[in-house]
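Remarks on the structure that follows.
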Amino acid sequence: MTEEIDKSSLPRHVAIIMDGNGRWAKARGLDRSEGHVEGVNTVRRITEVASELGIGYLTLYTFSTENWNRPQAEVDALMHLIVIAIERETPDLIKNNVRLQMIGDSSRMPREAYERLQQCIADTSHCTGLTLILAISYSSRWEIVEAARQFAADVEAGKAKASDMDSDEVFNRYLTTASYPDPDLLIRTGGDHRISNFLLWQIAYSEIYVTDTYWPDFSREDFISALRDFRGRERRFGLTSEQLK
Ligand code: IPE
Ligand code: IPE
Ligand code: MG
């Protein structure tokens, strides 16, 4: 399957809004949590294929700032599942040379969950293949406010001047994603055409692909279809078609 795609035209960074776990479960008369459990299998599947294809960065929207407002039982179950799943997958991540990273407001995470995730990050820090970035307790507005606060703190401490903030590139250094390229392709499963507070700054020129498929059903073939669709896009970055030739 992975041989069937031309690797020269792959996106360097794919970001995914993994949506539809709850609806997948409901359609089967199951509890929402069963959908999240099945969603973890999709995470493994898509991480594997991204890694095999040689994609550089895969960012997965795992838990948003707004998701903290879900019923407490669902929040607790999700946090538990995230930690258990990452710990279980870490040996395979290492085997596949995948480096785990996390972005988001970790101060809101239960301390034990945070520490266990940090351990997995440390355990994969030597890996040089795919960088898998989990956005947990993440929202783009939180990140942008935090960047502004940190820059103001640098100015206050005499480490920067207001006039230093003179380009996208300088602002970018204050974001949690500073060391990653911007996503080339943004995929949303579950059919909704919205961004839900994900990477607002970084997706300025990302190609957007929405599929009705719920995340637990999102297959390797579906992922490859999204990559094929991406390959057919003309990314003009504000220029004319003729200028690109
Ligand atoms: C996405 O699935 C996973 C998280 C937001 C954690 P949902 O739980 O949002 O599933 P739907 O959108 O209700 O189907
Ligand atoms: C987006 O899904 C967040 C994640 C996938 C983690 P939501 O289900 O929370 O988004 P909305 O509520 O449909 O916008
Ligand atoms: Mg949802």
At 7 Å along Cα-to-Cβ for each site, give me the label-to-label distance between Ala27 and Asp229 in nm. 1.6
Sum of -39500 (n - 2.57) over DSSP H runs of 4+, divided by residues of the chain (222 nm, nearest 500): -13500 deg cm²/dmol
Is the C-alpha gyration tensor of segment 102-245 telling us rounded, prolate or oblate? Criteria: a/c under 1.5 is rounded; beyond that, a/b larger than b/c is prolate, otherwise oblate. oblate
Backbone N under 12 Å from the Trp68 label point (7 Å along Cα→Cβ), restricted to segment 163-181: none
Can you compute 3J(HN,Hα) from phi for each residue in segment 188-204, using the Karplus curve 6.51 cos²θ - 1.76 cosθ + 1.60 with θ = phi - 60°, rounded to whole Hz and x for Gly and Pro? 10, 8, x, x, 7, 8, 8, 9, 6, 6, 10, 6, 4, 5, 6, 8, 3
Counting only residues 5 or more apart in sequence or on a different chain, those whose built amide H sits under 5 Å from that of Ser139 are Thr65, Asp105
Volume in Å³ per residue [convex hull over Cα atoms, computed for the chain]: 145
Check: C-alpha center segment 19-58 vs C-alpha center segment 125-168, spacing in Å is 29
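FYI, it's all coordinate maths here, none of it is from the lab. Keep in mind that this is a model prediction, so the values were computed, not measured. Don't worry about glycine lacking a Cβ; one is built from the backbone with ideal geometry, like all the others, and counts go over all protein chains shown.
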